[in-house]
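Report on the structure given below.
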Amino acid sequence: VGGVLCSRTGRPLPQRLRHLLVIRLDQLGDVVLAEPFLRKIKTERPDLKITFLTTSLGESVFRRVSSVDRCVVFNPSWFGHRPGRWLVDGFRLWRLLKKMDCDAIVDLRGDIRHLLAARLAKPRCWILSYGLSGGGFLVDVEAPIREGKHAVMANLDLLPHLGMNSELPLPYLSSEIASEEISAEVKHRLPSKEKPWIALHVGTPVPAKRWKEE
């Protein structure tokens, strides 16, 4: 119904793209997987200002990442298991986005609540995202979801829509995401301070988020 009444799909990317807002409001693991996407954009367009809208946990990791110029924190109830606050938090997100000055918005989750708030707050802003939860009619470009593709590579598939190259040798994460606070906490919890230790967390129920052994 939304697509019939108010579809916006097909509007071209602004010619003068100066400020990009990237939204990833999710659990920490999903937020971290956005790092190669942000780094690739900053590598190709160092002049482009990137604001990253994420959760408190995401901000604690990305505050020192050089590919992000500014982190803005928003903790929605739909990821904090607080039912009954969806309308309140949706209004809060709308107010937050309305204050932001940006030329384009990319939502890496494709959540209709994020897309609706963005469209209502920025009716003339160019928006790129997935249409996972039925919000494809709210965006200017709806990217397809490729089954079986790693989440990092799926994010990189969005880059051509931003006029950028999507190729990356390996979807590695930058060492910048290991903040000083996190490193200190890990070191404090190690059973021995004298030996080097490596911690690996390779499990996830979602195939698209699993890293290959190599």
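Given the criterion at pLDDT below 70, open to solvent by 90 Å² or more (accessible area, probe 1.4 Å) and not hydroxyl-bearing (Ser, Thr, Tyr), identify the matching residue among GLU194, GLU214.
Just one listed residue meets the conditions, GLU214.
State whether the residues of the range 98-107 include one that is in a helix (DSSP H, G or I), at pLDDT below 85 and open to solvent by 30 Å² or more (accessible area, probe 1.4 Å).
For the range 98-107, residues in a helix (DSSP H, G or I), at pLDDT below 85 and open to solvent by 30 Å² or more (accessible area, probe 1.4 Å): absent.
Would the range 83-95 turn up any residue that is touching an Asp or Glu at 6+ places or on another chain (Cβ under 9 Å) and in a loop (DSSP other than H, G, I, E, B)?
Taking every residue of the range 83-95 in turn, none turns out to be touching an Asp or Glu at 6+ places or on another chain (Cβ under 9 Å) and in a loop (DSSP other than H, G, I, E, B).
For the range 76-97, give me each residue that is surrounded by fewer than 19 Cβ atoms within 10 Å (Cβ to Cβ) and either closer than 13 Å to LEU20 by Cα or among the hydrophobic types (A, V, I, L, M, F, W, C) (or both).
TRP78, PHE79, TRP86, LEU87, VAL88, PHE91, TRP94, LEU96, listed by residue number.
If you go through the range 53-72 one residue at a time, how many are under 14 Å from SER174 (Cβ atoms) and not charged (D, E, K, R)?
6
Looking only at residues in the range 125-165 that are open to solvent by 70 Å² or more (accessible area, probe 1.4 Å) and touching a Gly at 6+ places or on another chain (Cβ under 6 Å), which one is farthest from ASP103 (Cα to Cα)?
Once the filter is applied, the top-ranked residue is LEU132.
Cβ-Cβ distance below 6 Å, separation of 6 or more or different chains: which pairs start in the range 102-126 with a residue that is of a type in the set (Gly, Ala, Ser) and end on one that is assigned to a helix (DSSP H, G or I) and at pLDDT 95 or above?
ALA117/LEU93; ALA117/TRP94; ALA117/LEU97; ALA118/LEU97; ALA121/TRP94; ALA121/LEU97; ALA121/LYS98
Name the pairs: first residue in the range 50-71 and in contact (Cβ under 8 Å) with a residue 24 or more places away in the chain, second residue among the polar types (S, T, N, Q) and assigned to a strand (DSSP E or B), Cβ to Cβ under 6 Å, at least 6 apart or on different chains?
From the range 50-71, no pairs qualify.
Please identify the pairs in which a residue from the range 145-166 that is touching a residue at least 40 places away in the same chain (Cβ under 8 Å) has its Cβ atom under 6 Å from the Cβ atom of a residue that is polar (S, T, N, Q) and open to solvent by 20 Å² or more (accessible area, probe 1.4 Å), counting only partners at least 6 apart or on another chain.
Every condition considered, the pairs that remain are LEU156/SER166; LEU159/SER166.
Conditions: (1) of a type in the set (Gly, Ala, Ser); (2) modelled with pLDDT of 90 or more; (3) more than 14 Å from the chain's Cα centre (by Cα). SER129 meets all but one. Number of the miss?
With (1) of a type in the set (Gly, Ala, Ser); (2) modelled with pLDDT of 90 or more; (3) more than 14 Å from the chain's Cα centre (by Cα) applied to SER129, the lone miss is (3).
The values are calculated or read from the model by the stated rules, or taken from the named source; none is laboratory data. All of these numbers come straight from a predicted model, not from anything done at the bench. Note that we place each Cβ from the backbone using ideal geometry, even for glycine, and neighbour counts take in every protein chain shown. To get the accessible areas, we keep the full protein, side chains included, count just its heavy atoms, and leave off ligands, DNA and RNA. Shrake-Rupley method; radii C 1.70, N 1.55, O 1.52, S 1.80 Å.
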